[in-house]
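The values are calculated or read from the model by the stated rules, or taken from the named source; none is laboratory data. In this text the structure is predicted, and so the values were computed from the model without any measurement. Here the Cβ positions follow ideal geometry from the backbone for every residue, glycine too, while neighbour counts run over all protein chains shown.
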Amino acid sequence: MLQTPSAITSQYSVPPGSSQSISWSTKFNSASELAAVLLRLGKQFDVLQLSTGQLQGHFSVVHLNELSIFSIQTNQLLLLNGERGQDCITFSLETSGNHSDHKVYCQSIESHSLHGFKLDLNESHFQLTASSTTVIAITSAKKFCRFLECCGAFELRDSLYTSNSLQLNPAHYSAIANNLCWHLNNPSNNPELRSLHTGEIFALMLEALSSRNNHSFKAFELVPRQQLVCKLISWGFDNSTNPLKLDDVSNILFSSRRTLIQGCKENFRMGPMELLRLIRLEEVNHFLRSKELRRELKLNKVGEIASHFGFSSRGHFSASYQNHFGESPRQTLSKANMIHTM
């Protein structure tokens, strides 16, 4: 997890002589694999698959100078919850046209929108639609604000503190989407060229943010129910081996049952206990895929792992697991063992 601005800068640019790859891409077949991919970028996230079926995804990243661009393609509905880090600003777009279930901090996004740029956000909470592609540019907030000041547009900072989304006109949306995707597909080893490309992207963002042809900034305000949902997700992953009743969870989160239920129903179309059950299923899936985790806790069998995460009925557990992931827990374990023996 990134803690300082200097650490963020080093993660999202490649200094001369660095051995870090300019660009790379990888497939992921589980939420935990996507979390591991993001950890390679210094970002610690909890990732949860919300829809049913086998997950097939693809992640790509390219590093410019003090700016990185990455793309997440997924065939399943995913929830990502974690820390964005200090001194970070992001510019995110959905580029496939399929954004019906996209949400940022529990708020649905609009067509042709640019979002994620609120300057004082240190945490991230967003949802990716099944069969979608999301492209995100991330850089230093301080560096981008210095750029605004040099361009005589420092007053835009006020909008970047009060808003997290801007609906673009189609021309600006296409220009940004095409530019970011071009860099993903055409990485450069030339440091001077990468620095030039960073400046071009900054200028493109400035034009979009300041254009009168775009719709107004969308005010951003987290209501208590939305904050509670974010806390519930984090708490669920941190306490996945300790299933509790709804009253206990409500007391721990200093919330009423009604508020907790309402927040989850609004955002996930399911109650908090069902959401926590999915988190525990996700953790079982993670352990089944990881020989190292199983060895660390001396959990070798499917039943032992299921019991560790609070599933007492093997029959109900197996049925729930297969319904959610599109394969039995034994199939997941068998595939993982085959990979480790190759």
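A few points about this structure:
- As a summary of the residue check, ARG280 satisfies the conditions (1) surrounded by fewer than 15 Cβ atoms within 10 Å (Cβ to Cβ); (2) under 23 Å from the mean Cα position of the chain (by Cα); (3) of a type in the set (D, E, K, R) except for the one numbered (1).
- The residues of the stretch 178-207 that are under 21 Å from SER60 (Cα atoms), touching a His at 6+ places or on another chain (Cβ under 9 Å) and of a type in the set (A, V, I, L, M, F, W, C) amount to a single one, ILE201.
- Members of the stretch 235-256 found to be without any contact (Cβ under 8 Å) to a residue 12 or more places away in the chain and either within 28 Å of THR129 (Cα to Cα) or among the small types (Gly, Ala, Ser) (or both), listed by number: ASP238, ASN239, SER250, SER256
- The listed residues are SER313, SER318, SER328, and the only one of them that is modelled with pLDDT of 95 or more and either surrounded by fewer than 16 Cβ atoms within 10 Å (Cβ to Cβ) or closer than 25 Å to VAL37 by Cα (or both) turns out to be SER328.
- A Cβ distance below 8 Å, combined with a sequence gap of six or more or placement on separate chains, defines the contacts here; from the stretch 59-83, residues that are under 11 Å from LEU48 (Cα atoms) reach residues that are assigned to a strand (DSSP E or B) and of a type in the set (Ser, Thr, Tyr) in the pairs LEU80/SER124; ASN81/SER124.
Here is a yes/no grid of residues against (1) basic (Lys, Arg); (2) farther than 28 Å from SER216 by Cα:
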{"site": "ARG40", "(1), (2)": "yes, yes"}
{"site": "PHE45", "(1), (2)": "no, yes"}
{"site": "LEU64", "(1), (2)": "no, yes"}
{"site": "GLN107", "(1), (2)": "no, no"}
{"site": "ILE136", "(1), (2)": "no, no"}
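- A Cβ distance below 8 Å, combined with a sequence gap of six or more or placement on separate chains, defines the contacts here; from the stretch 136-154, residues that are without any contact (Cβ under 8 Å) to a residue 12 or more places away in the chain reach residues that are surrounded by 16 or more Cβ atoms within 10 Å (Cβ to Cβ) in the pairs PHE154/CYS145; PHE154/LEU148.
- Condition met for LEU260 (among the aliphatic types (A, V, I, L, M), over 24 Å from ALA336 (Cα atoms) and either assigned by TED's automatic domain parsing to the domain that holds THR52 or buried (at least 21 other Cβ atoms within 10 Å of the Cβ) (or both)): yes
- Test: residue in the stretch 247-255 that is more than 23 Å from PHE45 (Cβ to Cβ), in contact with a Ser or Thr (Cβ under 8 Å, 6 or more places away or on another chain) and not assigned by TED's automatic domain parsing to the domain that holds LEU121: yes
- Verdict on ARG225 being basic (Lys, Arg), part of a helix (DSSP H, G or I) and surrounded by 12 or more Cβ atoms within 10 Å (Cβ to Cβ): yes
- Test: residue in the stretch 270-288 that is in a loop (DSSP other than H, G, I, E, B) and closer than 25 Å to LEU222 by Cα: yes
- The residue list SER174, SER159, SER195, SER165 contains one member that is touching a residue at least 40 places away in the same chain (Cβ under 8 Å), among the small types (Gly, Ala, Ser), assigned to a helix (DSSP H, G or I) and under 26 Å from GLU110 (Cα atoms), which is SER159.
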